[in-house]
Amino acid sequence: MSGRDGRLGVGIVGAGRVGPVLGAALAAAGHALVGVSASTDDERDRVESMLPGVPVLAVPLLVERSELVVLAVPDDQLVELVAGLAALGAWQPGQLVLHTSAQHGTAVLDPARAAGAIPLAVHPALAFTGTSIDLARLRDAWCAVTAPGPVLPIAQALVVEMGAEPVVIAEADRPAYADAIAAASQFSTAIIGQSVSALRAIGVDEPGRVLGGVVRSAVENALQSPAVDSIDR
């Protein structure tokens with residue numbers, strides 16, 4: 001923790017659609033952003049838009065300077081990234097390390113934990129755009145939280161500070177959780193894409209606007225249906 005008020009120095013590794021949004025949410029909660037990593041022009045543009053004034057740093061330097069490291073990278077990069085930083089001796093005792101993968105729990109952070117870092121897995125159940133729109137959407141979203149028992153409240157508190165609601169997912173259940181999230185996302189994307197194409201084919205200029213109301217209401221109705229309630233029970 002930095003200072004007496006519990007604020008953290010936060011480093012964001014990854015400037016795709018997720019990292020800068022979470023960084024902005026944490027900054028709005030009063031945490032200090034010490035830096036962000038970005039490797040492409042698109043990522044640098046996103047950082048400039050979402051996190052103006054936050055320095056772009058090399059990953060090892062970013063980790064060295066941060067009390068909370070947010071690893072917002074694709075699933076297929078996470079294992080190598082964590083292990084590589086461990087090999088460099090970058091992880092620090094007492095440092096919080098949070099990844100945003102749906103698939104993984106905290107086991108993927110074992111190389112950091114071996115160095116004394118505190119592992120947290122937090123996945124926002126949200127389809128990110130990488131823009132400020134996501135900050136508003138985050139306030140209506142849930143985040144899957146997995147962490148060792150003694151530090152679970154820390155992960156839950158960070159989620160609440162970002163404006164979302166935490167739901168605890170056991171380590172062993174992360175793959176099933178990831179499958180459920182992927183199925184919902186892929187199904188909706190495919191069906192909406194098909195409907196958009198059909199409307200364009202008959203000359204509708206703005207099919208997204210036409211479909212917006214029916215899609216939102218249909219999803220809300222489905223989530224509130226008795227069938228969903230009975231599954232929850």
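The values are calculated or read from the model by the stated rules, or taken from the named source; none is laboratory data. Treat the numbers as computed from the prediction; the structure is a model and nothing was measured. Don't worry about glycine lacking a Cβ; one is built from the backbone with ideal geometry, like all the others, and counts go over all protein chains shown. Calculation scope for accessible area: heavy atoms of the full protein, side chains included, ligands and nucleic acids excluded. Shrake-Rupley method; radii C 1.70, N 1.55, O 1.52, S 1.80 Å.
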Discussion item. Can you tell me which condition D75 does not meet? The list is (1) exposed (fewer than 14 other Cβ atoms within 10 Å of the Cβ); (2) among the acidic types (D, E); (3) modelled with pLDDT under 95, and all the others hold.
Written reply: (1)
Item to complete: Hey, can you tell me all the residues within the stretch 169-198 that are aromatic (F, W, Y), within 15 Å of W142 (Cβ to Cβ) and open to solvent by 50 Å² or more (accessible area, probe 1.4 Å)?
Response: none
Discussion item. Give all pairs with beta carbons closer than 7 Å in which a residue from the stretch 25-53 that is of a type in the set (K, R) meets a residue that is open to solvent by less than 60 Å² (accessible area, probe 1.4 Å); count only pairs at least 6 apart in sequence or on separate chains.
Written reply: R44/A38; R46/A15; R46/P20; R46/G130
Worksheet item: Looking only at the stretch 99-117, which residues are closer than 17 Å to P74 by Cβ and either assigned to a helix (DSSP H, G or I) or among the aliphatic types (A, V, I, L, M) (or both)?
Response: A102, V108, L109
Practice prompt. Determine the pairs where a residue that is of a type in the set (F, W, Y), located within the stretch 120-140, has a partner that is open to solvent by less than 70 Å² (accessible area, probe 1.4 Å) and not in a helix (DSSP H, G or I) with Cβ atoms under 8 Å apart, the partner being 6 or more residues away or on another chain.
Written response: F128/V18
Discussion item. Take L26 and tell me if it is closer than 22 Å to E165 by Cβ and either out of contact with any Phe, Trp or Tyr (no Cβ under 8 Å at 6 or more places or on another chain) or surrounded by fewer than 22 Cβ atoms within 10 Å (Cβ to Cβ) (or both).
Written reply: yes
Response to the item:
Scanning the stretch 33-55 for residues that are over 18 Å from the mean Cα position of the chain (by Cα), surrounded by 16 or more Cβ atoms within 10 Å (Cβ to Cβ) and over 16 Å from G130 (Cβ atoms) gives V34
Discussion item. It is to be established whether one or more residues within the stretch 133-147 are of a type in the set (V, I, T), in a helix (DSSP H, G or I), open to solvent by 60 Å² or more (accessible area, probe 1.4 Å) and farther than 30 Å from L51 by Cβ.
Written reply: no
Fill in: Residues of the stretch 1-32 satisfying the condition of being basic (K, R) and under 17 Å from L135 (Cβ atoms)
R17
Worksheet item: Would you call A58 aliphatic (A, V, I, L, M), within 21 Å of L33 (Cα to Cα) and free of Cβ contacts under 8 Å to residues at least 24 places away in the same chain?
Response: yes
Response to the item:
Of the conditions (1) farther than 26 Å from G94 by Cβ; (2) open to solvent by 10 Å² or more (accessible area, probe 1.4 Å); (3) touching a residue at least 60 places away in the same chain (Cβ under 8 Å), the single one that V18 does not satisfy is (1)
Fill in: Test result for L120, crowded, with 21+ Cβ neighbours inside 10 Å, part of a helix (DSSP H, G or I), at negative phi and of a type outside the set (S, T, Y)
no
Worksheet, complete the sentence: Across the stretch 62-72, the tally of residues that are open to solvent by 60 Å² or more (accessible area, probe 1.4 Å) and either farther than 19 Å from L120 by Cβ or not basic (K, R) (or both) stands at 1
